[in-house]
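Student: This is the structure, below, for whatever I ask next.
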Amino acid sequence: MKRIVLIIIGLLSVTFSNAQQLETIIEEALTNSPEIQKFELQYRIASEKVNEVNTIPNTEFGVGYFIREPETRTGAQRFKVSAKQMLPWFGNITAREHYVSSLADAKYEDIIIAKRKLMASVSQSYYKLYANTAKQEVLTENIKLLKTYETLALTSVEVGKASAVDVLRLQMRQNELEQLNQVLIQQYLAEQTAFNKYLNRDKDIVVDVIHELNMPSEDFEINSENLALHPELLKYDKLYHSIEQSELLNQKESSPMIGFGLDYINVNKRPEMNFNDNGKDIIMPMLSVSIPIFNNKYKSQTKQNELQQQEIAAQKQDRLNTLETLLDKAINDRISARISYDTQTKNLKQAKDAEQILIRSYETGTIDFNDVLDVQELQLKYQMNQIKSVKSYYIQTTIINYLTQQ
């Protein structure tokens, strides 16, 4: 699990302090998560059941008093005391322990799955917060740029080279960007709540995210074969094994049970008679055998176990198909994110070149503020798409890590 954390952190092309921060956040989430604590408690309960099944049937004690004392040659019987202990067939208790242990092993996989999902969720939420703050910074820069253009437009209006309509258009565009910025702030607060709840802490705690997240120069190698060892699939293997142990237990329980016992009968002496066994108490060892002659119950359980194994095998194959689909989609979406990022980078450079041309045009007194708005809108679009591509790349990477890292 530690190795997976380090792999996720290693994807960040940032300073060590920022990487260390995300690693600390993930470790805090793993420690504080009530969901993981829930699965850990369930595993402890399942493990404790081993002690529960490591028992034999209760010892039976009985006491009887003869209301009408039966007479025997040696005297009248007064009361009877008996003790009896049934014992399961050889290996029965061991089979129970193995069955319960196999269930606990399957339950342990729930802890691993929950941890991996939490790590992916925390990382994805972190990247969403980064993208939100990055977009806010871009909007702020564009608003400042429009204010600069507004100043130029006002100067142009004074000398008769621009219309007051151009100024109003620039101001309306600023208002639109201010609105977008306010919406992003609200979205950030909502995502911040989700992020803090992953860490099981107060929703209003301010999250300090990184300020720059770059597209990696190259993708790390993906080992698709590791998908077969994913905990979600290993759980099915352990459930299948638990059914095998259940069948072994079923075979043991269909065996006879042996009982040992002892009866003690108190006998009164016969009055006015003198012989050696007069009043001699009776002690009688007992041996009993419980045989399941009508064993349809165990035959039915065997059939149920066979059907459950088939069901688990089908469930595993279905889940494997789903995970393979998710992995393939994540890989292709990550490739698409890189393609989109490269395209937006080229377009953004061209938009900035157009901006420089407009600035030089102003120096010659031929600036067109409609072109200014068009170029600004394109530049903002490319910047936003660039941030979106980076976020998508890292989110898809967390999905790939969840599915393939061991």
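Student: Name the residue, out of Ile335, Ile283, Ile291, Ile359, that is surrounded by fewer than 12 Cβ atoms within 10 Å (Cβ to Cβ), farther than 30 Å from Gln251 by Cα and either modelled with pLDDT of 95 or more or of a type in the set (Val, Ile, Thr) (or both). Steps first, please.
Tutor: Values: Ile335 fails: surrounded by fewer than 12 Cβ atoms within 10 Å (Cβ to Cβ); Ile291 fails: farther than 30 Å from Gln251 by Cα; Ile359 fails: surrounded by fewer than 12 Cβ atoms within 10 Å (Cβ to Cβ).
After ruling out the rest, the residue left standing is Ile283.
Student: Any idea which residue in segment 32-73 is surrounded by the fewest Cβ atoms within 10 Å (Cβ to Cβ), counting only those that are acidic (Asp, Glu) and over 30 Å from Lys252 (Cα atoms)?
Tutor: As a first pass, look at segment 32-73 and keep what is acidic (Asp, Glu): 35, 40, 48, 52, 60, 69, 71.
Narrowing further to those that are over 30 Å from Lys252 (Cα atoms): 35, 40, 69, 71.
Numbers: Glu35: 15, Glu40: 16, Glu69: 14, Glu71: 12.
Here the answer is Glu71.
Student: Based on what the data block shows, is Ser255 over 30 Å from Ala330 (Cα atoms), assigned to a loop (DSSP other than H, G, I, E, B) and either in contact with a strand residue (DSSP E or B) (Cβ under 7 Å, 6 or more places away or on another chain) or not aliphatic (A, V, I, L, M) (or both)? Step through it out loud before you land on a result.
Tutor: Values: over 30 Å from Ala330 (Cα atoms): yes; assigned to a loop (DSSP other than H, G, I, E, B): yes; either in contact with a strand residue (DSSP E or B) (Cβ under 7 Å, 6 or more places away or on another chain) or not aliphatic (A, V, I, L, M) (or both): yes.
Yes; evaluated as a whole, the condition is true for this residue.
Student: Looking only at residues in segment 283-304 that are of a type in the set (A, V, I, L, M) and in contact (Cβ under 8 Å) with a residue 12 or more places away in the chain, which one is farthest from Pro256 (Cα to Cα)?
Tutor: Taking segment 283-304 first, the residues of a type in the set (A, V, I, L, M) are 283-284, 286-287, 289, 291, 293.
Filter once more, keeping what is in contact (Cβ under 8 Å) with a residue 12 or more places away in the chain: 283-284, 286-287, 289, 291.
On the way: Ile283: 26, Met284: 23, Met286: 16, Leu287: 13, Val289: 7, Ile291: 5 Å.
The selected residue is Ile283.
Student: Do you know which of the residues in segment 341-383 that are among the acidic types (Asp, Glu) and under 44 Å from the mean Cα position of the chain (by Cα) is farthest from Leu170 (Cα to Cα)? Reasoning before the result, please.
Tutor: Going residue by residue through segment 341-383, those that are among the acidic types (Asp, Glu) are 342, 353, 355, 363, 368, 371, 374, 377.
Filter again for under 44 Å from the mean Cα position of the chain (by Cα), leaving 342, 377.
Numbers: Asp342: 30, Glu377: 11 Å.
Ranking the candidates gives Asp342 first.
Student: Return the only residue of Val138, Val209, Val183 being without any contact (Cβ under 8 Å) to a residue 40 or more places away in the chain and hydrophobic (A, V, I, L, M, F, W, C). Before the answer, list the steps.
Tutor: Working: Val138 fails: without any contact (Cβ under 8 Å) to a residue 40 or more places away in the chain; Val209 fails: without any contact (Cβ under 8 Å) to a residue 40 or more places away in the chain.
One residue alone meets the criteria, Val183.
Student: Residue under question is Lys107, and the condition is that it be of a type outside the set (Phe, Trp, Tyr) and in a loop (DSSP other than H, G, I, E, B); does it hold? Working first, answer last.
Tutor: Numbers: of a type outside the set (Phe, Trp, Tyr): yes; in a loop (DSSP other than H, G, I, E, B): no.
So Lys107 fails the test.
Student: Looking only at residues that are among the hydrophobic types (A, V, I, L, M, F, W, C) and outside any helix (DSSP H, G or I) in segment 142-190, which one is surrounded by the most Cβ atoms within 10 Å (Cβ to Cβ)? Break it down stepwise before answering.
Tutor: Our first condition is that a residue be among the hydrophobic types (A, V, I, L, M, F, W, C); within segment 142-190, this holds for 143, 145-146, 152-154, 157, 159, 162, 164-165, 167-168, 170, 172, 177, 180, 183-185, 189-190.
Pick out the ones that are also outside any helix (DSSP H, G or I) and you get 159, 162.
Working: Val159: 8, Ala162: 18.
Only one residue tops the list, namely Ala162.
Student: Write out, first by first residue and then by second, each pair whose Cβ atoms fall under 9 Å of each other, whose residues are 6+ apart or on separate chains, and whose first residue, in segment 107-119, is within 23 Å of Ile243 (Cβ to Cβ) while the second is β-branched (Val, Ile, Thr).
Tutor: Lys107/Ile45; Ile111/Ile36
Student: I would also like to ask the following. Look at segment 313-357 and say how many of its residues are in contact with a helix residue (DSSP H, G or I) (Cβ under 6 Å, 6 or more places away or on another chain) and within 29 Å of Tyr149 (Cβ to Cβ).
Tutor: Count: 8.
Student: Failed condition for Glu306, given (1) assigned to a strand (DSSP E or B); (2) out of contact with any strand residue (DSSP E or B) (no Cβ under 6 Å at 6 or more places or on another chain); (3) among the acidic types (Asp, Glu), with all others met?
Tutor: All conditions are met except number (1).
Student: Related question: Quick check, is Leu380 farther than 30 Å from Leu145 by Cβ and part of a helix (DSSP H, G or I)? First the steps, then the outcome.
Tutor: On the way: farther than 30 Å from Leu145 by Cβ: no; part of a helix (DSSP H, G or I): yes.
In short, no.
Student: If you don't mind, there's one more thing I want to ask. Out of segment 27-84, which residues are touching a residue at least 12 places away in the same chain (Cβ under 8 Å), among the polar types (S, T, N, Q) and either more than 30 Å from Ala104 (Cβ to Cβ) or part of a helix (DSSP H, G or I) (or both)? Steps first, please.
Tutor: Narrowing segment 27-84 to residues touching a residue at least 12 places away in the same chain (Cβ under 8 Å): 27-30, 32-36, 39-40, 42-43, 46-47, 49-50, 52-57, 59-66, 69, 72-84.
Filter once more, so that each one left must be among the polar types (S, T, N, Q): 32-33, 42, 47, 54-55, 59, 72, 74, 77, 82.
Residues satisfying the conditions are Asn32, Gln42, Ser47, Thr72, Thr74, Gln77, Ser82.
Student: If you take the residues of segment 218-266 that are among the small types (Gly, Ala, Ser) and closer than 30 Å to Ile339 by Cβ, which of them is farthest from the chain's Cα centre (by Cα)? Can you show your working first?
Tutor: First pass over segment 218-266, keeping only residues among the small types (Gly, Ala, Ser): 224, 228, 242, 246, 254-255, 259, 261.
Now narrow it down to the ones that are closer than 30 Å to Ile339 by Cβ: 224, 228.
Details: Ser224: 20, Ala228: 18 Å.
Once the filter is applied, the top-ranked residue is Ser224.
The values are calculated or read from the model by the stated rules, or taken from the named source; none is laboratory data. Keep in mind that what you see is a predicted model, and the values were worked out from it rather than measured. All Cβ positions, even for glycine, are placed from backbone atoms using ideal geometry, and neighbour counts span all protein chains on display.
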